[in-house]
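Novice: So that we are looking at the same thing, I have put the structure below in structure tokens.
The values are calculated or read from the model by the stated rules, or taken from the named source; none is laboratory data. Here the structure is a predicted model, which is why all the values come from computation and not from measurement. Neighbour counts are summed over all protein chains in view; Cβ atoms, including those assigned to glycine, are modelled from backbone coordinates with ideal geometry. Note: areas computed on protein heavy atoms with side chains; ligands, DNA, RNA excluded. Shrake-Rupley method; radii C 1.70, N 1.55, O 1.52, S 1.80 Å.
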Amino acid sequence: MKFEKELRKIRKGVEEIITEEGLISKLAHSEKTGKPLRIKYGIDPTGYDVHIGHLVPIRKMRDWQELGHLGVIIIGDFTAQIGDPTGKDESRPPLTAEQVKKNAERYMEQLYTVLDEDLTEVRWQSEWFGAMKMSEVLQLMGKFTLAQFMAHDTFRKRYESGLALGMHELMYPLLQAYDSVAVYADVELGATEQKFNILAGRDMQKYFEMPEQVAMLSPILMGTDGKEKMSKSLNNYIAIFDSAKDKYGKTMSIPDDLIINYFNYATQLDPDEIESIRKQLYSGKINPKIIKQRLAREIVALYHGPEQAEQAEEEFNLIFSQKEIPDDIPVFQLTGSDIGLAEALVMSGVCSSGSEVRRLLQQNAITIAGKKINDISYKIEDECIIKIGKRRFLEVKKVSS
């Protein structure tokens, strides 16, 4: 089959392609003309913390780049002020242009840990929406019906539940759809929950008598808790800014039934190799921990290199397997007769604030000499090693005055 090698690479980690016939046709046209395909993905820089779940479609864009095609990142400086509609009855505060710019710069810094910068085109929605007249906006709106938008699960459920649904939120799919026209997208990448918006892009291109883009939909990566999708607010995420040690430890905390899911959507391994790993895992002949360690190494190596992946594994084994404390833990110098636990943790930088310490205490996540501490007024009077959560330590040493 023509393009079999390309399709094998492109299909990995993708749940649905609409349509595959259209995709093959675009590949053929690209080969004939020598013109690379334009692979679109949009981001709303309402924040800048990126986790590995965000990078599932970005990894797919990198696959396309390795085949010689162009990745097109849309910075949603208009849609960022609307917010992708959710089932929650809440709205995001509008961002200033400066906030959007700053967030976008930090966001792209993290995306470039995966993308080839030379094959990435970055575009801002303000390029086309900034000059758009009201008459043009109304013409765009006239290309869709209210019935079409109310078929959107999110809109329908919110309406039927009596939750607030702003008129501006109905514009979100419309704006995202027009982005595909503005950048001449051949393929749009996104999560399965973005299907409505991406298909709206196909419709919008058809209205403008352009070839319809191909939709490539990937599943949502589950969080480390195995219960909800990966999210910073749920504290079940692996951040790009996490250290190699934290990435390794968080990966090792996932339930065994997520191992193959993470191999598929968070690593660059070949599908045949993943299938071999899957057979090993379900054969019952190998400890799942061994396979999970391979997964953790693969994920850490993607962002920090093989050497740091090996170091992270050694440290993990020291802490969790041999129950030893690593040599390079931070040290806090006790200069008086005592100090408050919360004060020591914040002053040392191990915890960011007193509220974080309070939360950890409530979760029974702080131990001293094997004893769980839950008193915010606890005083440290002597040298000790404090364990915070599963992977953080602080050594308190007395200093003679």
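Novice: Can you run down the residue pairs with Cβ atoms below 6 Å, 6 or more apart or on separate chains, where the first is in region 159-183 and over 26 Å from Met216 (Cα atoms) and the partner is open to solvent by less than 20 Å² (accessible area, probe 1.4 Å) and part of a helix (DSSP H, G or I)?
Specialist: Between residues of region 159-183 that are over 26 Å from Met216 (Cα atoms) and residues that are open to solvent by less than 20 Å² (accessible area, probe 1.4 Å) and part of a helix (DSSP H, G or I), the close pairs are Leu165/Arg158.
Novice: Something else: Could you look through region 233-253, keep only residues that are touching a residue at least 40 places away in the same chain (Cβ under 8 Å) and among the hydrophobic types (A, V, I, L, M, F, W, C), and pick out the one that is most open to solvent (accessible area, probe 1.4 Å)?
Specialist: Here the answer is Phe241.
Novice: Quick one: would you say Glu209 is of a type in the set (Asp, Glu) and part of a loop (DSSP other than H, G, I, E, B)?
Specialist: For Glu209, the condition - of a type in the set (Asp, Glu) and part of a loop (DSSP other than H, G, I, E, B) - is met.
Novice: Inspect region 232-240 for any residue being polar (S, T, N, Q), touching a Gly at 6+ places or on another chain (Cβ under 9 Å) and more than 29 Å from Gln311 (Cβ to Cβ) and give the result as yes or no.
Specialist: The answer is no, given that none of the residues of region 232-240 is polar (S, T, N, Q), touching a Gly at 6+ places or on another chain (Cβ under 9 Å) and more than 29 Å from Gln311 (Cβ to Cβ).
Novice: Taking region 127-144 as the region of interest, how many residues are over 21 Å from Ile74 (Cβ atoms) and surrounded by 13 or more Cβ atoms within 10 Å (Cβ to Cβ)?
Specialist: Matching residues across region 127-144 total 0.
Novice: Name every residue in region 192-214 that is within 14 Å of Phe144 (Cα to Cα) and surrounded by fewer than 17 Cβ atoms within 10 Å (Cβ to Cβ), in order of residue number.
Specialist: Of everything in region 192-214, those that are within 14 Å of Phe144 (Cα to Cα) and surrounded by fewer than 17 Cβ atoms within 10 Å (Cβ to Cβ) turn out to be Asp203, Lys206, Tyr207, Phe208.
Novice: Grab the helices (runs of 4 or more DSSP H) fully contained in region 1-79, keeping just those with 2 or more residues being on the phi > 0 side of the Ramachandran plot and open to solvent by 10 Å² or more (accessible area, probe 1.4 Å). Please lay out each step first, then the result.
Specialist: Numbers: elements: 4-11, 20-33, 55-66.
Hits in region 1-79: none.
Novice: A follow-up question, please. For region 85-103, name all the residues that are out of contact with any Ser or Thr (no Cβ under 9 Å at 6 or more places or on another chain) and either at pLDDT 90 or above or assigned to a loop (DSSP other than H, G, I, E, B) (or both).
Specialist: Those that are out of contact with any Ser or Thr (no Cβ under 9 Å at 6 or more places or on another chain) and either at pLDDT 90 or above or assigned to a loop (DSSP other than H, G, I, E, B) (or both): Lys88, Glu90, Ser91, Pro93, Pro94, Thr96.
Novice: Of all residues in region 377-401, count the ones that are assigned to a strand (DSSP E or B) and under 28 Å from the mean Cα position of the chain (by Cα).
Specialist: Looking only at that region, the number is 3.
Novice: For Leu175, all conditions in the list (1) more than 24 Å from Glu16 (Cβ to Cβ); (2) buried (at least 17 other Cβ atoms within 10 Å of the Cβ); (3) not charged (D, E, K, R) hold save one; what is the number of the exception?
Specialist: Going through the list (1) more than 24 Å from Glu16 (Cβ to Cβ); (2) buried (at least 17 other Cβ atoms within 10 Å of the Cβ); (3) not charged (D, E, K, R), Leu175 breaks only (1).
Novice: To continue, here is another question. For Gln333, are the conditions met, namely being in contact with a helix residue (DSSP H, G or I) (Cβ under 9 Å, 6 or more places away or on another chain), among the polar types (S, T, N, Q), open to solvent by 50 Å² or more (accessible area, probe 1.4 Å) and touching a residue at least 60 places away in the same chain (Cβ under 8 Å)?
Specialist: Spelling it out, it is not the case that Gln333 is in contact with a helix residue (DSSP H, G or I) (Cβ under 9 Å, 6 or more places away or on another chain), among the polar types (S, T, N, Q), open to solvent by 50 Å² or more (accessible area, probe 1.4 Å) and touching a residue at least 60 places away in the same chain (Cβ under 8 Å).
Novice: Tally up the residues in region 282-296 that are part of a helix (DSSP H, G or I) and either closer than 23 Å to Ile238 by Cα or of a type in the set (Val, Ile, Thr) (or both), please.
Specialist: Qualifying residue count for the region: 9.
Novice: Just to be sure I understand the filter: pairs with C-beta atoms under 8 Å, separated by 6 or more residues or on different chains, first member in region 310-328 and within 22 Å of Ile368 (Cβ to Cβ) and in a helix (DSSP H, G or I), second member open to solvent by less than 30 Å² (accessible area, probe 1.4 Å) and at pLDDT below 85. Which pairs pass?
Specialist: Glu315/Pro326; Leu318/Pro326; Ile319/Pro326
Novice: Which pairs have Cβ atoms under 6 Å, sit 6 or more apart or on different chains, and link a residue in region 285-305 that is more than 14 Å from Val114 (Cβ to Cβ) to one that is open to solvent by 50 Å² or more (accessible area, probe 1.4 Å) and not acidic (Asp, Glu)?
Specialist: Ile286/Gln280
Novice: Which numbered condition trips up Asp118, out of (1) under 30 Å from Val300 (Cβ atoms); (2) part of a helix (DSSP H, G or I); (3) in contact (Cβ under 8 Å) with a residue 24 or more places away in the chain?
Specialist: All conditions are met except number (3).
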